[in-house]
Every structure is written in structure tokens, then in C-alpha cells.
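Here, each number is a calculation from the coordinates, and none is a lab measurement. On a predicted model such as this, the values are computed, not experimentally measured, just so you know. Every residue, glycine as well, gets a Cβ built from its backbone with ideal geometry; the counts of neighbours run over all protein chains shown.
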């Protein structure tokens, strides 16, 4: 082979290598190095592990921000926004057992969770006696008093008497209850519950926020009479208390 043929062969081999390299780069660049979703055998889209981990981290950051924001609110602005305080307290007490969370946190990290008021907070030990609740129905007469077998009181009223909330709070439930018919249960800021039974009509629904003195329904009408019947009960913790000791009925 002559010197010229050898040089031509080298140029040809070099050109072939460059073409081959360019093809490989083109094939690699045509792929998506960061695919958002892939498709499995059933044709369903599946997020890659890297994307799933990123979503999980984002959720953790958002959750931490919510917890931190709640802690800052309770520490600095709770007295300026009483309604917001009631909303947050209800959500915390109703959806999550924070006592168990606090116990777990203390066992895990050695210190109690300090974002929420402590268990010895004054609001936890306030008795509903002497709270100065509003009267739930005007012009009523107690016909059946509180006893071991009767957890509330029966009140005779006018046939079209309106029923009002004794204090601001959230409606926990609206529905039929055994022995007292259509009933509204309202949970107040201190954890106490007021029960309004034997209602003919209601004007609220579960999770509604009601203000002190707001109309929530009407009493049951007694057939053939110009009177109505209303049931009222107060619950503090796990026990019912005598409403007459708390509210002065007429």
C-alpha cells in the first residue's frame, strides 16, 4: 500500500468515527433525561421514583409551614382574631387527638410539644358554671328537671318559639337522637357542648359557626295546643350537668 493510500484510509476511518459519534449524541439528546411520567404494561402513567420523592418533600415542607404558622398565630395574634382561634381549636380538637401526638413527641424528643397551649392551660380547666350563657328560648317553663335518668331539661314554650345558641361555637351534629327527636349539638370554645332537642325546624348544618344569640331553629309544636316543647342539655367533658345551675330559665 502506497503512502497516499494509507493517508486516505486514515482520513476515511476518522470520518467514519466522527459520523458514528454524532449519531450516538443525536440518539441520546432525543431522549428525555428527566421524564415526568412513564407508562407501565397496562398503559397507566407512573411517576418515576425521583419525582415521587420530590412531591413527598414538598408535602412535608407545606405541612411544616402550616404547623409553624399555627404556632406563631397562637403565640402572637390569638387575642386579635378570636373567631380564627375558635376555628383552629375546633379543627385541632376534632380531627386529631393532640394529646396522643404530644405524648408521642415527648417520648421521642424528651420535651413536650410547645406549639399548642399546655395541658395545664387555664382554658382547659374552666368550668361552664358562671359563664353567663344566653337563654336558649324565651318565655319557657321547665316541666321536667335534670336527673340521673334525664340528662337535660324539658321546657314548655309558645308554639312558635325560636331557639337561640347560648354561646358562640361550631355545630357538631344535626339529626335525630333517641328520646329527644331532632337535635342540634354545638361545641363551644372551652370544649363544652350545648344540646338543643325536640326541634320542629333547624336553620343550621354541621360545621357551621354560630354566634351567641343566633337563631338556630324552632321548638316542636304540641298538637292541638298553643304551646311547644323544647329539650336542652349541657355537657362538660364526658358528663352532662344540670342546665338550671348554669342558666336562669324564666
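Which shape class, rounded, prolate or oblate, goes with segment 182-250 when its Cα gyration tensor gives a ≥ b ≥ c as root eigenvalues, a/c under 1.5 marks rounded, and past that a/b bigger than b/c marks prolate?
It is oblate, given that a/c is not under 1.5 and a/b is not larger than b/c.
Could you work out how far apart the two model spin labels at residue 5 and residue 57 are, taking each label as a point 7 Å from the Cα in the direction of the beta carbon, and quote it in nm?
Once both label points are built, they end up 6.2 nm from each other.
Provide Rg and Dmax in Å for segment 123-250, with only Cα atoms included in the calculation.
13.4, 47
Just grab the label-to-label distance for residue 245 and residue 160, each label 7 Å out from Cα along the Cβ direction, in nm (one decimal).
So the label points at residue 245 and residue 160 sit 3.8 nm apart.
So how many Å³ per residue does the convex hull of the Cα atoms of segment 132-189 work out to?
Value for segment 132-189: 118 Å³ per residue.
For the residues 70, 149, 229, what sequence is obtained by ranking on other C-beta atoms within 10 Å, fewest first?
Taking fewest neighbouring Cβ atoms as first place, the list is 149, 70, 229.
Expected output is a single nm value to one decimal: the length gained when fully extending between residue 148 and residue 207, i.e. 0.36 nm times separation in residues minus the C-alpha distance. What is it?
Result: 18.2 nm gained on full extension.
Would you mind ranking 216, 61 so that the residue whose beta carbon has the fewest other beta carbons within 10 Å leads the list?
Lowest count first: 61, 216.
State, to one decimal in nm, how far the label point of residue 238 lies from the label point of residue 13, with both points 7 Å from Cα in the Cβ direction.
Reported label-point gap for residue 238 and residue 13 is 9.0 nm.
Taking R0 as 51 Å, what FRET efficiency do you get between residue 68 and residue 226 from their Cβ-Cβ distance, rounded to the nearest 0.05?
Using R0 = 51 Å, I get an efficiency of 0.30.
Sort 68, 154, 199, 234 so the one with the fewest other Cβ atoms within 10 Å of its own Cβ comes first.
Placing the least packed residue first, the sequence is 68, 154, 199, 234.
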